[in-house]
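The block underneath contains the structure these notes are about, expressed in structure tokens.
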Amino acid sequence: MDFIFSQLLNSLALGVLLFMMSAGLSLIFGLMNVVNIAHGSFFMIGAFTAFTLVQMFGNFWLALAIGWVPAVACAILMERIFIRPLYNRGHLDQVLLTFGFIFVFGDLAKYLWGADIRNVAPPEILDGSLQVAGAILPKYRLFLVFFGGAVAAGLWWFLERSRVGAMVRAGVDDAATASGIGINVPLLFGCIFALGAALAAIGGIVASPIMGIYLGMDIEILIPAFIVVVVGGMGSLRGALVAGLLVGLIDTFGKAYFPDYALFLVYLLMVVVLLARPQGLFGLTKG
């Protein structure tokens, strides 16, 4: 039972990291109809920025508070200059453009930080473990679970209860009518793109103490994040959360009990969901 509790905590921690990555992907595609293959680069930028800030100031909380800013700045420039002209050009052009940005951001990270694997220590208060019902649970992974829950609650409130969230939904449903009543739809969608980048960067920051920081981590996290988006449903925040936890659970316990088939089990989940419900678990049925 101790082992099961430990693996369950690991799966929840992985699930919330996947949620923070896939929530941004899902929002950007579901609300803006933009496919951003370079979304994982914001995750990597957040992690490397956290490493720099911790090295300079020795404060993980400062890194968490402001480490997402460079990724958001890159996202704003990327959306404003390169992606906005492609809104009406179809997904293929978006995929090709953002795929190129993977190499741009990868080379930039290599130039600034080198190719060595970096590490960020968790804050002292979250170092070590707690003993709960006989199980040894790392404090930092517990923090990740609660932090991810807080992020999910904040996103839900923003999209469902705030005035800006109502404007976002209006722009998605009917951009022409929203523009006619005074809503700046391009600015709104630019803010959503920046929000998605911020979520990915924050995910990279909080993941750095347990995953390490290295070139290629953007691709490594992007693939399961896309699976989460497909399973949960495009544009669904609830779907991103539920699917992230499902994928985290299957991946963690699969590696523990069936290490040779863990990746197969994750893809099997995606296939089963697509066959039974092509729009995803919480995606909207079109038509």
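The values are calculated or read from the model by the stated rules, or taken from the named source; none is laboratory data. What you see is a predicted model, and the numbers here were worked out from it, not measured in a lab. Neighbour counts run over all protein chains shown; Cβ positions are idealised from the backbone, glycine included. The protein model used for the area step is the full one, side chains on, heavy atoms only, and it has no ligands, DNA or RNA in it. Shrake-Rupley method; radii C 1.70, N 1.55, O 1.52, S 1.80 Å.
The 3J(HN,Hα) values that the Karplus relation (6.51, -1.76, 1.60; θ = phi - 60°) gives for segment 185-198 are, in residue order, 5, x, 5, 5, 5, x, 5, 5, 4, 5, 4, x, 5, 4 Hz. Gly and Pro appear as x. Within the chain, what whole-number % of the accessible surface is contributed by carbon and sulfur, with the 1.4 Å probe and all protein chains included in the calculation? Carbon plus sulfur share of accessible area: 68 percent.
Met211 exposes around 60 Å² of accessible area when a 1.4 Å probe is run over every protein chain in place.
Of Ile136, Ile192, Ile210, the order by accessible heavy-atom surface (1.4 Å probe, DNA, RNA and ligands excluded), from most exposed downward, is Ile136, Ile210, Ile192.
In units of the compact-protein estimate 2.2 N^0.38 Å, segment 238-287 shows a Cα radius of gyration of 1.26.
So for Arg89, Arg163, Arg118, what's the accessible-area order with a 1.4 Å probe, most first? The partial results should precede the final answer.
On the way: Arg89 145, Arg163 190, Arg118 60 Å².
Result, largest first: Arg163, Arg89, Arg118.
Taking Cα atoms only, the orientation of helix 217-232 departs from the longest principal axis of the chain by about 70 degrees. For segment 1-78 and segment 204-243, what is the separation of their C-alpha centers, rounded to whole Å? What the calculation gives is 8 Å, centre to centre. In the complete set of protein chains, residue-level accessible area for Lys110 is approximately 110 Å², probe 1.4 angstrom. Determine the shape class of segment 79-183: with a ≥ b ≥ c the square roots of the Cα gyration tensor eigenvalues, call it rounded for a/c under 1.5, and otherwise prolate if a/b is greater than b/c, oblate otherwise. Oblate. Residues Asp127, Asp93 ordered from highest to lowest accessible area at a 1.4 Å probe: Asp127, Asp93. Of Leu281, Leu246, Phe146, which is farthest along the charge dipole of the chain in the positive direction, counting Lys and Arg as +1 and Asp and Glu as -1 at C-beta? After comparing all options, I get Leu281.
Classify segment 1-126 from the C-alpha gyration tensor, please: rounded if a/c falls under 1.5, else prolate or oblate depending on whether a/b exceeds b/c.
oblate
Here are several values of Rg and Dmax of the Cα atoms in Å: (i) 20.5, 66; (ii) 17.7, 53; (iii) 18.9, 61. Which one was derived from the coordinates shown? This structure yields the entry labelled (iii).
Computed with every protein chain present, the accessible area of Phe99 is close to 100 Å² [probe 1.4 Å].
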